[in-house]
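Working notes, structure below.
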Amino acid sequence: MALDELYREVILDHYRNPRRKGVLEGDHIHAEGQNPSCGDEFSLDLQVEGDVVVDVAIQGIGCSISQASGSMMAEALIGKSLPEVTEMTDKFKAMMGIGEGDNPVNPERPGSILGDLEALQGVRKFPVRVKCADLPWTTLEGALESAAATAS
Ligand code: ZN
């Protein structure tokens, strides 16, 4: 199977069967985001204990790219420390060609912190869709900023 096809399968699988769909009970951080250019919506519930993400729930409507990105992100967040979450966010944005660095994933060296999320790297060729892939991550950043503001 060609890599492109494999990536397409991974994206469609997450779109059709989103992981960690739902809402959290009890104490948690909540954030919502929209991508008006495509009509995507995403909401995120995050439970952090100490500095580790212990539970995540997502809800969203929109295109396959935005929803698959959210599902993969939700799965990847579990068990990560907040510094690791920041590292993952930076690497994802770099892979997409946005934010600080422009650093496409090297296909010769798979197995980075991004895991399945590398399936989205082809999206960087379509600037309009990059916003779709980025929506869950922008929502995540908003969630963590509001958490930091509440904690201090
Ligand atoms: Zn979209």
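The values are calculated or read from the model by the stated rules, or taken from the named source; none is laboratory data. These numbers come from a predicted model, not from an experiment. Ideal geometry is used to build each Cβ from the backbone, glycine not excepted, and the neighbour counts take in all protein chains shown. Remember, those area values only see protein heavy atoms, side chains included, never the ligands or the DNA or RNA. Shrake-Rupley method; radii C 1.70, N 1.55, O 1.52, S 1.80 Å.
Brief remarks follow.
- Sequence-distant lysines (8 or more away, or on other chains) whose Cα lies within less than 16 Å of Lys125: Lys93
- Other residues whose C-beta falls under 12 angstrom from the C-beta of Ile11 contribute a net charge of -3, scoring Lys and Arg +1 and Asp and Glu -1.
- Whether region 24-63 is rounded, prolate or oblate, judged on the alpha carbon gyration tensor where a/c under 1.5 counts as rounded: prolate
- Segment Glu145-Val128, length gained on full extension (0.36 nm per residue, minus Cα span): 3.5 nm
- Taking Cα centre as origin and charging only the Cβ of basic (Lys, Arg, +1) and acidic (Asp, Glu, -1) residues, the dipole magnitude of region 3-151 rounds to 500 debye.
- Listed by number, the DSSP H helices of the chain that run 15 Å or longer by alpha-carbon position along their axis and have mean Kyte hydropathy of at least 0.0 are 64-77, 127-151.
- The relative contact order of region 3-151, computed from alpha carbon pairs under 8 Å that lie at least 6 residues apart in sequence, is 27 percent.
- Solvent-accessible heavy-atom area per residue, rounded to whole Å², over the chain at 1.4 Å: 53
- FRET efficiency, 1/(1 + (r/R0)^6) with R0 22 Å, evaluated for Ser64 and Glu25 via beta carbons: 0.15
- Global form of region 15-101, assessed from the alpha-carbon gyration tensor, a/c cut-off 1.5: oblate
- Cβ-based charge dipole, the chain, positive-most Cα from Ile65, Pro18, Leu82: Ile65
- Accessible surface of the chain, 1.4 Å probe, proportion on carbon and sulfur as whole %: 51
- Order by protection proxy (mean Cβ within 10 Å, highest first), peptides 66-78, 128-140, 20-32: 66-78, 128-140, 20-32
- Debye equation applied to the C-alpha atoms of region 3-151, log10 I(q)/I(0) at 0.15, 0.22 Å⁻¹: -0.71, -1.56
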